Each structure stands twice: as C-alpha cells, then as structure tokens.
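The values are calculated or read from the model by the stated rules, or taken from the named source; none is laboratory data. Remember, it's a predicted structure, so these values are computed and weren't measured experimentally. Cβ sites come from the backbone with ideal geometry, for glycine too, and all protein chains shown count toward neighbours. Quick note on the areas: whole protein, heavy atoms, side chains included, nothing else; ligands and nucleic acids left out. Shrake-Rupley method; radii C 1.70, N 1.55, O 1.52, S 1.80 Å.
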Amino acid sequence: EERLRVAEAALEQIADLSIDLGKAERRSQALKILVQACGKTGVPALLIERAVPDLEAVANDILGILSDGRMSLRLRSQRETKAGTMQETLDVLIADEQGERAYENFSGGEAMRVDLALRIGLSTLLAARAGARCEMLVLDETAAPLDTQGRMLFVEGLQKIADRFASILCITHVDEL
C-alpha cells in the first residue's frame, strides 16, 4: 500500500511537471519568436526596408543639385551570397556618366557629395517622421576634398538648397569659400 501511495504521488507529480513543462515550452517558443523579430533580420530590417525608398528620393534630390544632375544613388538593402541565400546589407551604388558603381570607386569629392546628400536626406527624413523640420545645416570642412569646379558646384548647390533651411553654417579653411 505504501508503494502504491508513492506511485500515485509520483503520477500526480509527473502530471504537474508535465503542465509546467508545457508552459515552459510555450514561453520558450514565444521568446524565440521575439529574439528573431528583434534581431537584425526582423523588425529593424523591415524598418530599414521601408525607409530606403524615401531616403533615396530625398538624397537623390540633393545629390542631383550638388552634382549638377550628373549623379544619382541607389541603396541596396539585400544581396545574394555565394551560397544563394539573401544577406542583409546596406550598399550605396552610385550612377554617373560611366554607369553604376560602388561607393568605394568614386573620388573623394564625388564621395563627399554622396555623403552630404545622404546626411541631409537622413536628417530630413528623420525630422519629417518626428513631425519636425530640419532647420539648421552645419557643415564642417565638407568642401576640403573638392577641386575648384567641385567647390563652385558645392557653393551653387548650397545656394539651391538654402531655402530648405533657416540657417546654413559652413566651417572651412578653404580661403576661396
């Protein structure tokens, strides 16, 4: 009889543990889903994917002004790996008269124009999403890598986008600017 009572108690304990195990497994599955959703291929990737077209549009508007219409950019957020799977990335591809090339294949002055266009584009986009406006543009030694023609385009570009900002502060050691 004692062994029977011990066995019955063990069966009750097994039933209780089985319920606890089921709860723990459901919680584990929920946590795995959360880890995946919050990982770099989850919600952050979705937010980036949705922002890319808007960022491209604003940055291309600025880049067109800064490059006298010669350059445009495209942001690629995924690329295929050698294994044939898709990998999250953020590649900046720039097109000019010579075709589309990677960011790394452009000169310092051309890269500066792209950098500036992306920075202004991102600032404008973030401000707009927050219900605000980007009122001030501060540029520190932005024109340093530019040649004479590039500097002229830079100044013309700033004049063309001046109405988008209440103030533009440009810090430089280039005397002609």
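Assorted remarks:
- Rounded FRET efficiency, nearest 0.05, which uses the C-beta distance separating Thr85 from His173 and R0 of 30 Å: 0.05
- Length added when fully stretched, Asn105-Cys134, from 0.36 nm per residue minus Cα-Cα: 7.4 nm
- Given their separation in residues at 0.36 nm each and the Cα-Cα distance between them, Leu126 and Val43 gain 28.1 nm when the chain is fully extended.
- Rolling a 1.4 Å probe over the protein heavy atoms leaves Ile19 with an accessible area of roughly 100 Å².
- With contributions of -39500 (n - 2.57) from each DSSP H run of at least four residues, the per-residue ellipticity at 222 nm computed over the chain stands at -19500 deg cm²/dmol.
- Residues Leu137, Leu11, ordered by accessible area of protein heavy atoms at a 1.4 angstrom probe radius and largest first, appear as Leu11, Leu137.
- Projected area, mean over directions - the chain, Cα convex hull, nm²: 17.6
- Taking the Cα centre of region 110-152 as origin and assigning +1 to Lys and Arg Cβ atoms and -1 to Asp and Glu Cβ atoms, the resulting dipole is close to 260 debye.
- Ranked order, Glu56, Glu176 - accessible area, probe 1.4 Å, largest first: Glu176, Glu56
- Helix 108-129 axis, angle to the chain major axis (alpha carbon atoms, nearest 10°): 60
- Over 18 Å [Cα-Cα, region 77-177], rounded percent: 59
- Surface accessible to a 1.4 Å probe, Asp54 within the full protein complex, Å²: 70
- Overall, the chain carries a charge dipole of about 420 debye about its Cα centre when +1 sits on the Cβ of Lys and Arg and -1 on the Cβ of Asp and Glu, all other atoms neutral.
- Look at the dipole of the chain built from charges on Cβ: of Leu125, Leu4, Phe165, the Cα furthest out on the positive end belongs to Leu4.
- Degrees between helix 148-161 axis and first principal axis of the chain (Cα, 0 to 90, nearest 10): 70
- Thr81 accessible area, 1.4 Å probe, all protein chains in place, Å² to nearest 10: 40
- Relative contact order for the chain, counting Cα pairs under 8 Å that sit 6 or more residues apart, in percent: 17
- Beta bridge orientation in the chain: antiparallel %, DSSP, nearest 5: 70
- Ranked from largest to smallest solvent-accessible area, with a 1.4 Å probe on the protein heavy atoms, Met152, Met71 come out as Met152, Met71.
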